[in-house]
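Novice: So that we are looking at the same thing, I have put the structure below in structure tokens.
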Amino acid sequence: MTAPSHDAELLARVAKGDHEAFTDIMRTHENRVFSVSLRIMGDREKALDATQETFLTAFRKAHQFQGKAAVGTWLYRIAVNTCYDQLRKQKRRPAEPLPDHLDPADQSALDAVEAAGLRPGLREALDSLPPEFRAAVVLSDVEGMSLPETAEVLGVPVGTVKSRVFRGRRLLAKHLGNQTAT
Amino acid sequence: MRKRDIELISALVEGRLDDESEARALVESSRAHREEYEAQKLAYDALTSIPNVTLTESEQAVLRRDVWSQLQSQPRATKTKAPWALRWSFAAAGLFVVVGLLLAVDLAGGNDSTDFVQSFANISSSLDGAGAGETEAAETTAATSTEEDLEGAAALDMAMPPVEVFAELAAQARSGELSSEQTRTKEQKSSCLETAGLGDHQVIGEVVEDELYLLAIPDGEVLGPDTPITFVQADLCLVSYIDE
């Protein structure tokens, strides 16, 4: 992880069209942006799309970055908003088939690898949460962000984050409890 | 349950307390408190057990390739192109001049009409070649503009750069002087922007300058002095000019 000031310096160069600086930013943050996107979207392919969209938006809006937050926080905020947008679009249209370039065998292998790391039913339980609650528990409990940092990423007050985390956990526990009971 | 109770239980679940005695006593104080603790603990343990995920090497390669190819295809302000109609009007004007000259030479020199027809055919075919290039350029979006078609248009661009016209229109748009008349539907405009490689833009107005142009700015932005305005030729859905 690079120092925040170095990131800000890189982003200032990106705003002037420096592609090398943008590559550095991507290298530093792509895994975490992908991780946040994956936990919110619940699907690797969609998370990859969201990650791509996040970096494209970041490149276009680099000149708007004012340095009030860390570059990472700014990027995760873009990522979360991108995921919200995609989830909304997803809701409006029927499920799409896998894209041609993706081998379904590879996809299922990746899903299996990922699922192996999760306790039974956790992925379904996470997917069952409303997106706002899901984002709050993902950032706070999965990614380990502090409440103020989570609040900054989500663009809401700390109190709202606390409430979303508590309620998100409660819903998650209920879902996990039901799964155990059945 | 009080807000403070929930926060104390949460701090206990997350292991943030130096002294847990008060929180533990609270949990044991009622069934509701115990259930709250158990629910929070179950969810928290499950969430914190989720392993880190990273991109695989192939995903990383695809991501970087796709991001870069998208960035390369963004229209750039430095690569301004003359509007399609303007370039054609230059071509037509050139054709008239050449034909006029040939006619004058033909009348003065007394060449027979077959030579003139042959000369005209040669000129027409060379201009048709240029026209074909234009059509090809028109069929590609701004996102796929090649250096070749830019060079092809360069000779015409040099004759009368249209930059001033668009710059003036952009200035009028910024000062709110342009008419707010809209002739295209929202769907038509969105579809045209998509074709022009500007899916992340919104149309803020229309202007007629020989042809109809859509004025687009990035989504979520409000038109201000620093907002780039992209002019998109509405019939061909081609980016014609970006005012930055």
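Novice: Could you check, for region A:66-74, whether at least one of its residues is aromatic (Phe, Trp, Tyr) and within 14 Å of another protein chain (Cβ to nearest Cβ)? Can you show your working first?
Specialist: Here is the first cut: in region A:66-74, the residues aromatic (Phe, Trp, Tyr) are A:74.
Still in the running and within 14 Å of another protein chain (Cβ to nearest Cβ): none.
No: zero hits.
Novice: Continuing with the same structure: Kindly provide the set of residues from region A:1-42 that are buried (at least 19 other Cβ atoms within 10 Å of the Cβ) and of a type in the set (S, T, N, Q), ordered by number.
Specialist: Hits for region A:1-42 are A:Ser35, A:Ser37.
Novice: A follow-up question, please. Would you please name the residue that is modelled with the highest pLDDT, looking only at residues in region A:48-77 that are over 29 Å from A:Arg123 (Cα atoms) and among the aromatic types (Phe, Trp, Tyr)?
Specialist: A:Phe59
Novice: State all residues of region B:19-75 that are within 7 Å of chain A (Cβ to nearest Cβ) and acidic (Asp, Glu); if no residue qualifies, say none.
Specialist: Listed by number, the residues that qualify are B:Glu59, B:Asp66.
Novice: Which one of these is within 12 Å of another protein chain (Cβ to nearest Cβ), more than 19 Å from B:Asn52 (Cβ to Cβ) and touching a residue at least 24 places away in the same chain (Cβ under 8 Å): A:Val138, A:Val142, A:Val161?
Specialist: A:Val161
Novice: Turning to a different aspect of this structure: Going through region B:159-192 one residue at a time, which ones are surrounded by 19 or more Cβ atoms within 10 Å (Cβ to Cβ) and farther than 12 Å from B:Gln233 by Cβ?
Specialist: If the condition is that a residue be surrounded by 19 or more Cβ atoms within 10 Å (Cβ to Cβ) and farther than 12 Å from B:Gln233 by Cβ, then B:Leu169, B:Ala170, B:Ala173, B:Lys189 are the ones that fit.
Novice: Using beta carbons and a limit of 8 Å, which pairs, at least six apart or on different chains, have the first residue in region B:56-79 and within 24 Å of B:Tyr241 (Cα to Cα) and crowded, with 16+ Cβ neighbours inside 10 Å and the second one of a type in the set (Phe, Trp, Tyr) and at pLDDT 85 or above?
Specialist: These pairs meet every condition: B:Val67/A:Phe55; B:Val67/A:Phe59.
Novice: Does region B:7-21 hold any residues that are touching a helix residue (DSSP H, G or I) at 6+ places or on another chain (Cβ under 7 Å) and exposed (fewer than 12 other Cβ atoms within 10 Å of the Cβ), and which are they?
Specialist: None; the set is empty.
Residue by residue, here is whether (1) more than 11 Å from chain B (Cβ to nearest Cβ); (2) modelled with pLDDT of 90 or more holds:
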{"residue": "A:Ala3", "(1), (2)": "yes, no"}
{"residue": "A:His6", "(1), (2)": "yes, no"}
{"residue": "A:Ala15", "(1), (2)": "yes, no"}
{"residue": "A:His19", "(1), (2)": "no, no"}
{"residue": "A:Arg27", "(1), (2)": "no, yes"}
{"residue": "A:Phe34", "(1), (2)": "no, yes"}
{"residue": "A:Met41", "(1), (2)": "yes, yes"}
{"residue": "A:Lys46", "(1), (2)": "yes, yes"}
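The values are calculated or read from the model by the stated rules, or taken from the named source; none is laboratory data. These numbers were taken from a predicted model, which means no experiment stands behind them. So basically every Cβ, Gly included, is an ideal-geometry build from the backbone, and we count neighbours across all protein chains shown.
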